[in-house]
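Enquirer: Before I ask anything, here is the structure I am working with.
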Amino acid sequence: MKGRLVDLTFTLNGKQRLVIELDGDFRKKFAELKEHPVRVEVKRWRKKRSLDANSYCWVLLDKIAQATGVPKTEVYRQAIREIGGVSEIVCVRTEAVDKLREGWEAHGLGWQTDVMPSKIEGCTNVVLYYGSSTYDTKQMSALIDSLVQEAQALGIETLPPAEIARLNSQWEERQDG
């Protein structure tokens, strides 16, 4: 949900109290959760990608797949690995790697993992790639730009640059809740 930080104070017992002004209606969710511990994540608001941009992404993936003979899903998965800013590296106990990878990859087609050795004994580094459903405007633009370059290298006709810029600039604001 979109909102703004309003105030941060300290209680007498040293805990911090955060006041957030919300754009949406949070009353129902507040009533459900007020008696329970909650997980809180506050991060900078970014507009979500537009459905038009998502549709064009899959049009390009389909055309590239047809031209190369590589399955569309593999073209998509490889494209995600090639752009920056859509992965994290975590160091986990080696015995937990398989469970982490299985849980992560269950989120969807683009949610992938790679493993690398760690300098910490008993640990393994796991690269976690996020699927495009979570991408913000900058990340989705990078994915589309990468696919456009690949399509053009294969001689596939793409939308004119102005139209691609229009797709990348039309972002849909969605609220989570």
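The values are calculated or read from the model by the stated rules, or taken from the named source; none is laboratory data. The shown structure was predicted, so the numbers you read here are calculated from the model rather than taken from an experiment. Cβ coordinates were reconstructed from backbone atoms using ideal geometry, including for glycine residues, and neighbour counts include every protein chain displayed.
Enquirer: Among the residues that make up region 52-65, is at least one of them among the acidic types (D, E), modelled with pLDDT under 95, farther than 17 Å from R4 by Cα and surrounded by 13 or more Cβ atoms within 10 Å (Cβ to Cβ)?
Expert: Yes, region 52-65 contains at least one residue that is among the acidic types (D, E), modelled with pLDDT under 95, farther than 17 Å from R4 by Cα and surrounded by 13 or more Cβ atoms within 10 Å (Cβ to Cβ).
Enquirer: Another question, if that's okay. Only one of these is assigned to a strand (DSSP E or B) and of a type in the set (V, I, T): V42, V19, V38. Name it.
Expert: Only one candidate passes the filter, namely V19.
Enquirer: If you don't mind, another one. Quick one: is Y130 closer than 14 Å to R77 by Cβ and not hydrophobic (A, V, I, L, M, F, W, C)?
Expert: Spelling it out, Y130 is indeed closer than 14 Å to R77 by Cβ and not hydrophobic (A, V, I, L, M, F, W, C).
Enquirer: Listed residues V97, V38, V42; which is farther than 15 Å from T134 by Cα and at pLDDT below 90?
Expert: V42
Enquirer: Taking the residues in region 131-144 that are of a type outside the set (A, V, I, L, M, F, W, C) and touching a helix residue (DSSP H, G or I) at 6+ places or on another chain (Cβ under 8 Å) as candidates, determine which candidate is modelled with the highest pLDDT.
Expert: Out of the qualifying residues, it is G131.
Enquirer: I want to confirm something. Restricting to region 144-165 and keeping residues that are farther than 21 Å from S132 by Cα, free of Cβ contacts under 8 Å to residues at least 40 places away in the same chain and among the hydrophobic types (A, V, I, L, M, F, W, C), which single residue is surrounded by the most Cβ atoms within 10 Å (Cβ to Cβ)?
Expert: Of everything passing the filter in region 144-165, A153 is surrounded by the most Cβ atoms within 10 Å (Cβ to Cβ).
Enquirer: Among K29, K34, K2, which is the only one that is over 30 Å from L167 (Cα atoms) and touching a residue at least 40 places away in the same chain (Cβ under 8 Å)?
Expert: Just a single option satisfies the conditions, and that option is K29.
Enquirer: Let me ask another. Among G103, G110, which is under 20 Å from I89 (Cβ atoms), small (G, A, S), at pLDDT 90 or above and surrounded by fewer than 16 Cβ atoms within 10 Å (Cβ to Cβ)?
Expert: G103
Enquirer: Further, regarding this structure: Can you report the number of residues in region 109-139 which are touching a Cys at 6+ places or on another chain (Cβ under 8 Å), in a loop (DSSP other than H, G, I, E, B) and hydrophobic (A, V, I, L, M, F, W, C)?
Expert: 1
Enquirer: Another question, if that's okay. Pick from R101, R81, R77: which is more than 30 Å from A162 (Cβ to Cβ) and either touching an Asp or Glu at 6+ places or on another chain (Cβ under 6 Å) or assigned to a helix (DSSP H, G or I) (or both)?
Expert: R101
Yes or no, residue by residue, for (1) in contact with a strand residue (DSSP E or B) (Cβ under 8 Å, 6 or more places away or on another chain); (2) loosely packed, with under 14 Cβ neighbours inside 10 Å; (3) not in a strand (DSSP E or B):
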residue	(1), (2), (3)
L5	yes, yes, no
G85	no, yes, yes
I89	yes, yes, no
V97	yes, no, yes
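Enquirer: Looking only at region 52-73, which residues are in a loop (DSSP other than H, G, I, E, B) and small (G, A, S)?
Expert: Listed by number, the list holds a single entry, G69.
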